[in-house]
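**Student:** Got a structure for you, written out below as structure tokens; questions coming shortly.
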Amino acid sequence: MTAVEEEIVHFDNVGLRYGTDREVLSDVSFTLFPGSFYFLTGASGAGKTSLLKLLYLAQRPSRGMIRMFGADAITLPRDRLPGMRRRLGVVFQDFRLVPHLSAFDNVALPLRVAGAAERDIERPVADMLEWVGLSDRMHARPASLSGGEQQRVAIARAVIARPDMLVADEPTGNVDPDMAVKLLRLFEALNRLGTTVVVATHDVHLLKKVPDSLIMRLDKGRLSDPTGALRYPPRRPSAGGGAKA
Amino acid sequence: MTVPGRWRERLRAFGGAEQAGLVPQGRLSGPMPWVIAIMVALTVIAAAAGLGLRNVASASAEELEGGVTIQIVEARPEVRDAQARAAMEKLRARPELVAMRLVPQSEVDSLIEPWLGGEIEAGNAAADAIPVPALIDARFARAVTPADVARLQADLRAVAPAARVDAQSSWLRPVFAALASLQWLAIALVALLAMALAAAVLLAARSALGTNRDTIEIVHLLGGTDAQIARVFQRSIAVDAAGGGAVGLALAALVILALGRQFASLGAGMVDQGALGLTDWAVLACIPLLAIGLAVVTARLTVMHTLRKML
């Protein structure tokens, strides 16, 4: 197997600017391997959310090269984007739940979009909602859920289809510490099943809770990589892809 | 899964049933069913007018195109009668003749009464002063062309020098031209209404896309395809168009039946010929179906075009 086949994401000198403003990301280069756990950290405004947007294909970069799942994500035809997006699970910072759908239907959305039959949806969604402690709220609409409950629905939606890569933007920002740990355990469990996990957070305590995780630190739109280990990692991330947490 | 079950699932997927809940349906429809109902009602009425005019034109043409009127314009009554009889004899020998009659004097008198009054009676002074021609109404098996008229005129000259031959279709030509213009007007109205319906659907689809932009973005980011999203809008507009189309057709049918009854009470022959037949009603019943098709295609094209601008 070649390195290109092995890697799940590769960024090479990626820059991003919105309109004619200054670049919010500059010369970002890194490689993510399957089954790894990454924390993306940095101060507010460092570009974490922008980097995640590129990762979950909501944005095209202004320059540079991005390869995802072995394909060039920049020149990829539009009609192939849905297939690639179905391999991703995303927890948005603002949850982005569909307001007129119940918690159940929000969690079922990725399965329905992927064309799963209704009989294959009910059980996994109910189980997932039970796991995040929302069994009794499955028919509630987002507006009637608390911030923490909405966040748990968003996380359940992101992981329900067992994605190849999970991208989460401040996923524990609105939950109590116990639930935060529980959710991290869920991410770890998924990670052990082979899902690559990228969690953006500025909670330093969270980093210590996943000992085998790797850290990507953004500073004013630039990825801190003094040793070049993120840009040119060894073939397997266990050998040291970034700074160990 | 059984074969019918599989097809049921495919049909549900094609109709957007699985994704129907993605976008709140109430926000999509709004006044759209009523707009479609009005458009369909107007289209059906315009089409009915066009079909009625076509019926009038074709029935009248059928009746008149083989018809010929021969006037014997002769002041002396005995010569006029003799020439009329001779002309009828000559005509009777023609194999393509279907029917022929000498128009009775009373009928001729009633024809000219609006212009000359009721004092024209055979033998009185007024009748002698204004000689009225004898009229022969002949009908041939095929349409009479100007060349036929010229030939007939030449044939009759020997036996009835005072005969003047006119094809009946020639003096109704302006009426047929007016009917044809009205038919084209009806077709143009139907086309304009179809365009107006497409424009209304386009605006509604764009507005619905704008209102539901966030949801559409989420569905896109979860791997939803443009076709999946378009199916939601197609389904919604198809339901609106079906409801609106049925109401529009019912309204138009009421109007057409009421107008038909009013025209029938006029008792005018030409108007009676414009009555709609079963085929005409079948054509009118197809209009709501065409409206559904037009609305669905317009919605799909609009949505797909707008979505292509999104990543």
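The values are calculated or read from the model by the stated rules, or taken from the named source; none is laboratory data. Keep in mind that what you see is a predicted model, and the values were worked out from it rather than measured. No Cβ is skipped: glycine too gets one built from the backbone with ideal geometry, and neighbour counts run over all protein chains shown. Accessible surface is based on the protein model in full, side chains and every heavy atom, while ligands, DNA and RNA are left aside. Shrake-Rupley method; radii C 1.70, N 1.55, O 1.52, S 1.80 Å.
**Student:** What number of residues in the range A:106-118 are part of a helix (DSSP H, G or I) and either within 20 Å of B:L221 (Cβ to Cβ) or more than 10 Å from chain B (Cβ to nearest Cβ) (or both)?
**Tutor:** Residues that pass the stated criteria total 8.
**Student:** Quick check, is A:R86 basic (K, R), under 26 Å from A:L129 (Cβ atoms) and surrounded by 18 or more Cβ atoms within 10 Å (Cβ to Cβ)?
**Tutor:** Yes.
**Student:** State all residues of the range A:60-86 that are within 23 Å of A:T20 (Cβ to Cβ) and at the interface with chain B (Cβ under 7 Å from one of its Cβ atoms); if no residue qualifies, say none.
**Tutor:** Passing the criteria: only A:R60.
**Student:** Tell me, which residue of the range B:193-206 that is over 13 Å from B:A291 (Cα atoms) and open to solvent by 40 Å² or more (accessible area, probe 1.4 Å) is farthest from the chain's Cα centre (by Cα)?
**Tutor:** Once the filter is applied, the top-ranked residue is B:R206.
Residue-by-condition table, conditions (1) within 30 Å of A:R96 (Cβ to Cβ); (2) open to solvent by 60 Å² or more (accessible area, probe 1.4 Å):
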{"position": "B:G224", "(1), (2)": "yes, no"}
{"position": "B:V232", "(1), (2)": "yes, no"}
{"position": "B:G245", "(1), (2)": "no, no"}
{"position": "B:L257", "(1), (2)": "no, yes"}
{"position": "B:S265", "(1), (2)": "no, yes"}
{"position": "B:G274", "(1), (2)": "no, no"}
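**Student:** Mind checking which residues of the range B:296-311 are assigned to a helix (DSSP H, G or I) and not charged (D, E, K, R)?
**Tutor:** B:V296, B:V297, B:T298, B:A299, B:L301, B:T302, B:V303, B:M304, B:H305, B:T306, B:L307, listed by residue number.
**Student:** Out of (1) open to solvent by less than 40 Å² (accessible area, probe 1.4 Å); (2) hydrophobic (A, V, I, L, M, F, W, C); (3) within 11 Å of chain B (Cβ to nearest Cβ), what's the single condition that is false for A:V125?
**Tutor:** So A:V125 meets the others, but not (3).
**Student:** Tell me yes or no: at least one residue of the range A:180-192 is assigned to a loop (DSSP other than H, G, I, E, B), surrounded by fewer than 21 Cβ atoms within 10 Å (Cβ to Cβ) and not acidic (D, E).
**Tutor:** Within the range A:180-192, none of the residues are assigned to a loop (DSSP other than H, G, I, E, B), surrounded by fewer than 21 Cβ atoms within 10 Å (Cβ to Cβ) and not acidic (D, E).
**Student:** Where the second residue is open to solvent by 10 Å² or more (accessible area, probe 1.4 Å) and in a strand (DSSP E or B) and the first is more than 23 Å from A:P99 (Cβ to Cβ) and lies in the range A:154-178, which pairs have Cβ atoms under 8 Å and are six or more apart or on separate chains?
**Tutor:** Matching pairs, first to second residue: A:P163/A:L88; A:D164/A:L88; A:M165/A:L88; A:L166/A:L88.
**Student:** With of a type in the set (G, A, S) and within 30 Å of B:Q83 (Cα to Cα) as the only criterion, which of B:S170, B:S236, B:S181 stands out?
**Tutor:** B:S170
**Student:** Can you tell me which residue is nearest to B:A59 (Cα to Cα) among those in the range B:149-190 that are of a type in the set (F, W, Y) and without any contact (Cβ under 8 Å) to a residue 24 or more places away in the chain?
**Tutor:** B:W171
**Student:** From the list A:L97, A:L145, A:L101, which one is open to solvent by less than 50 Å² (accessible area, probe 1.4 Å), within 10 Å of chain B (Cβ to nearest Cβ), in contact (Cβ under 8 Å) with a residue 40 or more places away in the chain and more than 18 Å from the chain's Cα centre (by Cα)?
**Tutor:** Only one candidate qualifies: A:L101.
**Student:** Kindly establish whether B:L135 is free of Cβ contacts under 8 Å to residues at least 40 places away in the same chain, open to solvent by 20 Å² or more (accessible area, probe 1.4 Å) and away from chain A (no Cβ under 14 Å).
**Tutor:** Answer is no for this residue.
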